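To start, the structure itself, in structure tokens.
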Amino acid sequence: MEGIEVECRTCQGRRPLTHPSPACPTCGDQWAEARYRWLETGGRDSAAFWTDCLSRRGASLWRYRELLPIAHPENIVTLGEGWTPLLRAHNLGLMLGHPHIYIKDERQGPTGSFKDRQAAIAVSAMKEAGITEAVVASTGNVAIAYSAYCARAGIKLWAFVTSSVPADKMREVALYGSEVIKVAGTYDQAKQIAAEFAASKNLFLDRGIKAIAAKEAMKTIAFETAEQLGCLLAGDDPTIPHGNRHPWRAPDWYLQAVSGGLGPVGVVKGFSELHTLGLVNRLPQLACFQSSGCAPMAHAFQKGQRQAEDVLHPLTDITTLATGIPGEAYERLFDLIQELGGLIEAIPDADTFHALHTVAKMDGISVEPATAVAFAGLFKLIREGKIAPHELVVINCSGHTFPVEKHIIGDQYTRNMAPVNGQDTPVNGREEGLLTALEELDNRVQRIAIVEDNPDATRLIRRILQAQGDFLIDEANNGLDGLRLIQQVRPNLVILDLMMPGLDGFGIVEAMKATPALHEIPIIVVTAKELSAIERQRLDGKIKALLQKGSFLDSDLLSDIKQALPQT
């Protein structure tokens with residue numbers, strides 16, 4: 001293809017790009033990178049021309065077509081992928097004391113995951129090469145995305161999936177007309193069987209991270225992120241592409257859960273190309289996360305090893321991350337982190353599912369377990385002080401929660417209500433029966449008063465309590481009103497700020513302890529103030545817990561509440 005070359009990772013030899021791209025004729029290595037001549041020769045002049053073009057283009061990943069490996073627009077296979085929202089995690093940021101956390105919401109892709117990007121580029125490349133049948137191995141999302149795009153392109157797909165993939169996902173793959181082959185084994189075994197099948201039938205095999213298309217697709221996440229961050233930081237609307245209206249911006253950290261490592265490798269390539277053009281002035285550090293039950297990269301990284309420690313028998317409920325043999329992908333990721341900074345961490349499944357609930361209940365974003373691994377990793381790094389409060393963080397929200405994964409929420413998530421029989425009951429009796437039924441739905445018996453003058457802090461605490469569904473909540477936004485509220489409703493618990501105008505939190509504590517009717521009400525203090533020894537002494541023995549704003553999770557507050565409230 002004119003203007004696009006393939007560079008071998010091992011010998012750096014170059015050749016024109018063709019689809020599919022064969023192994024290097026010099027050394028035989030199958031890992032190659034796409035290189036764009038105009039990018040390497042044009043510099044900042046090219047950047048000015050390119051961003052001017054972008055300012056007139058629509059919101060899809062194909063707006064960046066000069067840096068994508070499809071030569072002829074007629075071969076583009078699209079379902080409207082790309083330009084997914086970049087959302088600020090407002091409540092999570094308040095809870096964690098980190099105001100610059102952004103979520104790249106890949107749930108909004110055509111099939112609900114970031115694999116839509118990969119499918120769009122890879123299937124377009126197949127179409128350009130005249131391929132009519134293809135083989136892919138998957139833990140779910142790739143098979144769904146490739147099936148949808150292959151259907152649109154008129155390509156027959158053979159999808160090899162593990163038996164642990166939820167049945168609903170398999171049915172969706174089949175719905176698009178793909179052949180679904182369920183392998184009773186690990187993902188790595190499914191990949192091997194898929195490769196053998198493709199070779200025996202002389203069919204095209206998608207090679208994932210080793211292929212040009214997959215890495216080039218993932219770099220569009222970097223392009224969009226940098227452009228959208230420029231909009232957000234300028235106070236502009238990030239849903240509308242702007243091209244050259246604002247300076248582009250790279251985050252300080254890019255976070256993602258990894259299975260094979262494709263996402264971060266492609267994203268770094270994207271930021272690197274933007275840096276070459278002078279559109280961003282730095283590349284982000286990488287934080288990658290794996291499930292503890294299948295963490296070949298994380299375990300090797302902690303030991304400083306460049307070769308992964310293969311996991312032959314994954315033990316995790318998060319099947320989309322159960323790649324036990326990442327191979328060369330880890331070596332590339334290891335090298336990138338050594339160059340840019342960052343880490344790879346293993347996250348227990350229990351922490352993952354807690355994070356999944358927290359993200360949904362705090363910011364209204366329901367994420368798949370693989371994304372929840374990244375959020376659990378974020379919580380861990382912030383608690384350990386590895387990500388500073390001023391640093392700008394972007395998390396890849398790789399896909400949406402699937403209802404078939406029952407361990408996410410369990411079965412006891414509804415309350416039953418039978419309508420009152422209106423045929424045999426008088427009008428007043430029917431109304432009374434309905435009211436009784438409605439009252440039974442609301443079984444909240446514990447009353448909590450929040451006394452806090454900061455509306456954001458009040459909203460955060462209220463949201464944490466509301467997410468539990470079993471507290472009556474009263475609020476006051478200053479000390480005097482707060483004390484009157486406590487005297488009036490006599491709550492089961494008071495959550496209190498210290499620094500307020502008029503009567504401060506210390507005064508409320510002392511007034512409550514001096515009043516027999518209020519003396520026994522437990523108090524939890526949530527404050528941004530660094531307490532002196534004298535201030536701590538004023539509170540000693542009078543409160544149940546002290547939490548620092550911006551450094552606690554919802555579980556910390558709820559644990560203290562559980563201990564403070566009288567048991568019913």
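Results, tabulated for the structure shown:
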| item | result |
| --- | --- |
| Single match in Ser559, Ser551, Ser532, Ser555 (criterion: among the small types (Gly, Ala, Ser), free of Cβ contacts under 8 Å to residues at least 24 places away in the same chain and under 22 Å from Phe375 (Cβ atoms)) | Ser559 |
| Residues within region 71-86 that are at pLDDT below 95 and hydrophobic (A, V, I, L, M, F, W, C), tallied | 1 |
| The lone exception for Val136 - which of (1) in contact (Cβ under 8 Å) with a residue 60 or more places away in the chain; (2) within 23 Å of Gly377 (Cβ to Cβ) it fails | (2) |
| Within region 60-89, considering residues that are among the acidic types (Asp, Glu) and part of a helix (DSSP H, G or I), the one surrounded by the most Cβ atoms within 10 Å (Cβ to Cβ) | Glu66 |
| Of all residues in region 352-362 being surrounded by 21 or more Cβ atoms within 10 Å (Cβ to Cβ) and of a type outside the set (A, V, I, L, M), the one that is nearest to Asp317 (Cα to Cα) | Thr352 |
| Tabulated pairs, region 371-397, first of a type in the set (Phe, Trp, Tyr), second assigned to a loop (DSSP other than H, G, I, E, B), C-beta under 8 angstrom, 6+ apart or interchain | Phe379/Leu553 |
| First in region 470-489 and closer than 14 Å to Ile448 by Cβ, second anywhere and polar (S, T, N, Q) and buried (at least 16 other Cβ atoms within 10 Å of the Cβ), Cβ under 9 Å, 6 or more apart | Asp470/Gln446; Phe471/Gln446; Phe471/Asn492; Leu472/Gln446; Leu472/Asn492; Glu475/Thr458 |
| Given (1) in contact with a Cys (Cβ under 8 Å, 6 or more places away or on another chain); (2) over 23 Å from Ile344 (Cβ atoms); (3) not charged (D, E, K, R), index of the condition Ala257 fails | (2) |
| Scope region 489-532; condition out of contact with any helix residue (DSSP H, G or I) (no Cβ under 9 Å at 6 or more places or on another chain) and among the aliphatic types (A, V, I, L, M); matching residues | Val489, Ala514 |
| Region 309-328, residues that are under 20 Å from Asp349 (Cβ atoms) and within 24 Å of the chain's Cα centre (by Cα) | Pro314, Leu315, Thr316, Asp317, Ile318, Thr319, Thr320, Leu321, Ala322, Thr323, Gly324, Pro326 |
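The values are calculated or read from the model by the stated rules, or taken from the named source; none is laboratory data. Keep in mind the model is a prediction, meaning the values are calculated, not measured. Every residue, glycine among them, receives a Cβ derived from its backbone with ideal geometry; neighbour counts consider all protein chains shown.
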